[in-house]
Amino acid sequence: MDSEPVKSVRVLSPSGMLGAGWDHATIERGIALGADVISIDAGSTDSGPYYLGSATPKTTAKAVARDLRSLLTAAAGAGIPVIVGSCGTSGTDSGVDWVAGIAAEVMAEEGLSLKVARIYSEQNAAELKEHLDAGRIHPLPPLGQLRAETLESCTRIVGAMGHEPIVQALRAGAQVVLAGRATDTAVAAAYPLMKGMPAGPTWHAAKIVECGGQCTDNPRAGGVLATIDADGFTIEPLDPAVSCTPISVAAHMLYETANPFEMREPDGTLDVRDARYTAVDGRIVRVEGSRFHVADQYTIKLEGARITGYETMSFTAIRDPLILADIDAWADLMRTMITQRVDQTLGLADDEYAFDLRLYGHNAVLDDLEPEIGPPREVGVMLLVNAPDQATATAIAKVANPLMLHLPTPAMDYLPSLAFASSPAEVERGAAYEFVLNHVVDCDDPTSLFRTEIGENTDA
Amino acid sequence: MPETTLADLAHEVRSKNAGPFWVTMELFMRDAEGYRIAADESFLNERVIAELYRVEESTVQMFRIPSLNVVKISFPRPISQGSLRDRDMHAGQHHVPLARMPIKRSADRDR
């Protein structure tokens, strides 16, 4: 990739996630409109800590292969690069290799010869501990100071790269960049920044396109094309029947972000307070006035997950209005009975395991924030047990089984039989994880925490 | 007659996780009049949100955006994402207590 200055850069964003699927015609239209690069996010922390903790992709391989086929064939035909960020959902090293393996298969089948770069973002607790000891790791709210034990307890830690490692790979000649964990925006910002586009419009455009068509009036109809230049950017949907409006574009700045005016990236902060959104026509929007303030200290954000225990789930259901009329008392009795029976049968005190009893149809989702009162028509009862090992979690759920089948309300003098959803009633969920890091590392070199391997053509 | 709620005056009320440790909500009000009601600090403020969601008032952030008729509210998730007691992985259903807030009664209470 040359780094000659250009007047504008067109970024094609097919979708919010690799594997989500799209109509290939939308990609062809983006190419016809003059796309200079295709960028797509392949991951997020959005779906919870399991994917990082276990290094498991959320998407299925066939969906990733289908989408990569669409992108790689189109990009190879047009001679433009493809950038994929946060490979394998969480951006672990195995996630990068998983996507690289699928890409290699697709390229072999399609007879494509493209140079692939893999950028690894997984972090080693021992090396991070040196940064911690040197006072270079800082918490982001609401978490507090990091402790070394927390780093050591993580099964996986990744750092979210900025655009620099991606630019470095492009400059080294990569036609396909498969990045580990990257900020959602770095994936789309890398190529325009390399081509000299200004940081304010570039990072703002990158935020707007990071979820594909979510900034349009029909998010199900495919992605968008952002054209970035010296003064701002324009954005247009890839599907000619879909529109961007000043409201739909501005509103996307609110999505999944705590602060709608500022967004921190590794090298500074995007500031959209003075951004102006105007309609170019009925479906294209122009944005100007976005600013970027370079930070005094370059920082890389860390994400880490650890095992909290092993879980077993059991699910039964209640339809009898006599029980439903007294459902809270029934649930209180259930909690008491489980605790007693587990103590009697397994000899476990209540601080040696944990369980959550959820009344779906009554107040499971909002729990004590639930504002509605009155008896439900039907309730699904989920018992979720967490214990230090799987066998104990399942033993506790099995001790609870007769209660989940027959527990009466305190006022009943007979045993009802409740509606188990499956046989067996218990489902082993395996290891359960939690996110424990929300910290940044001070870095002098934007690429120092990341490792890049560039393969020969098709040698992914 | 049933009370008028914020949802009645809104095009959309939504909630979503903003990273594993924060939840954020938006009231997309239908028009400037609805926005004026939702953005009224004597009606909807950090203290009211703290009571509604049982969180620390000092952790609640509110953003009022008249150009979009939007009021946005963010605060740390009381239960971290994916933990045993997290019943709403994407925090996508936690807008409901906010959406059903009656506008008259609360406005009266704060007067």
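The values are calculated or read from the model by the stated rules, or taken from the named source; none is laboratory data. Remember, predicted model here, so these are calculated numbers, not experimental data. Cβ placement follows ideal geometry from the backbone for every residue including glycine, while neighbour counts extend to all protein chains displayed. For the accessible areas, the whole protein counts, side chains as well, though only heavy atoms, and no ligand, DNA or RNA atoms are used. Shrake-Rupley method; radii C 1.70, N 1.55, O 1.52, S 1.80 Å.
I need a count of the residues in the range A:427-438 that are within 13 Å of chain B (Cβ to nearest Cβ) and open to solvent by less than 70 Å² (accessible area, probe 1.4 Å). Even if it seems obvious, please write down each step before you answer.
From the range A:427-438, those within 13 Å of chain B (Cβ to nearest Cβ) are A:429, A:431-438; that's our starting set.
Restricting the remaining residues to those that are open to solvent by less than 70 Å² (accessible area, probe 1.4 Å) gives A:431-438.
Residues that pass the stated criteria total 8.
Out of all the residues in the range B:19-31, which are farther than 22 Å from A:T183 by Cα and either part of a loop (DSSP other than H, G, I, E, B) or facing another protein chain (nearest Cβ under 9 Å) (or both)?
B:E26, B:F28, B:R30, B:D31
Do we have A:Y255 as among the hydroxyl-bearing types (S, T, Y) and either assigned to a strand (DSSP E or B) or open to solvent by less than 30 Å² (accessible area, probe 1.4 Å) (or both) here?
Values: among the hydroxyl-bearing types (S, T, Y): yes; either assigned to a strand (DSSP E or B) or open to solvent by less than 30 Å² (accessible area, probe 1.4 Å) (or both): no.
No: the conditions fail for A:Y255.
Applying the selection to the range A:350-380, what residues are of a type in the set (D, E, K, R) and in a loop (DSSP other than H, G, I, E, B)?
Answer for the range A:350-380, where residues must be of a type in the set (D, E, K, R) and in a loop (DSSP other than H, G, I, E, B): A:D350, A:D351, A:E352, A:E370, A:E372, A:R377, A:E378.
Within the range A:102-160, considering only strands (runs of 3 or more DSSP E) that don't extend past its boundaries, which have at least 2 residues that are closer than 30 Å to A:G77 by Cα and out of contact with any His (no Cβ under 8 Å at 6 or more places or on another chain)?
Details: elements: A:116-120, A:137-139, A:156-160.
Result: A:116-120.
Looking at the range B:64-78 only, could you name the residues that are at the interface with another protein chain (Cβ under 9 Å from one of its Cβ atoms) and under 27 Å from A:T308 (Cα atoms)?
Those that are at the interface with another protein chain (Cβ under 9 Å from one of its Cβ atoms) and under 27 Å from A:T308 (Cα atoms): B:S74, B:F75, B:P76, B:R77.
From the list A:T89, A:T45, which residue is open to solvent by less than 50 Å² (accessible area, probe 1.4 Å), within 14 Å of another protein chain (Cβ to nearest Cβ) and modelled with pLDDT of 95 or more? Before the answer, list the steps.
On the way: A:T45 fails: modelled with pLDDT of 95 or more.
The conditions single out A:T89.
Can you tell me which residue among B:R64, B:R30, B:R36, B:R100 is open to solvent by 30 Å² or more (accessible area, probe 1.4 Å) and touching a Leu at 6+ places or on another chain (Cβ under 7 Å)?
B:R30
What number of residues in the range A:439-449 are surrounded by 22 or more Cβ atoms within 10 Å (Cβ to Cβ) and assigned to a loop (DSSP other than H, G, I, E, B)?
1
Spot the failing condition for A:A395; the list is (1) of a type outside the set (F, W, Y); (2) surrounded by fewer than 21 Cβ atoms within 10 Å (Cβ to Cβ); (3) in contact (Cβ under 8 Å) with a residue 40 or more places away in the chain; (4) out of contact with any Leu (no Cβ under 7 Å at 6 or more places or on another chain), and only one is missed.
Condition not satisfied by A:A395: (4).
Got a sec? Which of B:A50, B:A39 is small (G, A, S) and more than 13 Å from chain A (Cβ to nearest Cβ)? Explain how you work it out, then say what you get.
Details: B:A50 fails: more than 13 Å from chain A (Cβ to nearest Cβ).
Only one candidate passes the filter, namely B:A39.
Would you confirm whether or not the range A:369-384 contains a residue that is surrounded by fewer than 19 Cβ atoms within 10 Å (Cβ to Cβ) and under 29 Å from A:A148 (Cα atoms)?
Scanning the range A:369-384 turns up no residue that is surrounded by fewer than 19 Cβ atoms within 10 Å (Cβ to Cβ) and under 29 Å from A:A148 (Cα atoms).
So, in the range A:223-242, exactly how many residues are open to solvent by 10 Å² or more (accessible area, probe 1.4 Å), touching a residue at least 60 places away in the same chain (Cβ under 8 Å) and assigned to a strand (DSSP E or B)?
Summing the residues that are open to solvent by 10 Å² or more (accessible area, probe 1.4 Å), touching a residue at least 60 places away in the same chain (Cβ under 8 Å) and assigned to a strand (DSSP E or B) in the range A:223-242 gives 3.
Please report, ordered by residue number, the helices (runs of 4 or more DSSP H) entirely within the range A:1-89 with at least 2 residues that are within 25 Å of B:S83 (Cβ to Cβ).
Per the criteria, A:50-53.
Out of (1) away from chain B (no Cβ under 11 Å); (2) in contact with a helix residue (DSSP H, G or I) (Cβ under 9 Å, 6 or more places away or on another chain); (3) more than 20 Å from B:A91 (Cα to Cα), the odd one out for A:V385 is which?
That leaves (1) as the condition not met.
Counting only residues that are more than 17 Å from A:G200 (Cα to Cα) and open to solvent by less than 70 Å² (accessible area, probe 1.4 Å), give me the strands (runs of 3 or more DSSP E) lying completely in the range A:262-349 with at least 1 of them. Write out each step before concluding.
Working: elements: A:262-265, A:268-271, A:276-279, A:285-288, A:291-294, A:299-318.
Once the strands (runs of 3 or more DSSP E) in the range A:262-349 are filtered for at least 1 residues that are more than 17 Å from A:G200 (Cα to Cα) and open to solvent by less than 70 Å² (accessible area, probe 1.4 Å), what remains is A:276-279, A:299-318.
Filter the range A:258-284 down to the residues that are within 12 Å of chain B (Cβ to nearest Cβ) and in contact (Cβ under 8 Å) with a residue 40 or more places away in the chain and list them by number.
A:M263, A:V272, A:A275
Looking at A:A411, A:A421, A:A400, can you tell me which residue is among the aliphatic types (A, V, I, L, M) and open to solvent by less than 40 Å² (accessible area, probe 1.4 Å)?
Matching residue, one of A:A411, A:A421, A:A400: A:A400.
Somewhere in the range B:8-18, is a residue under 23 Å from B:P76 (Cα atoms), open to solvent by less than 10 Å² (accessible area, probe 1.4 Å) and at the interface with chain A (Cβ under 10 Å from one of its Cβ atoms)?
yes
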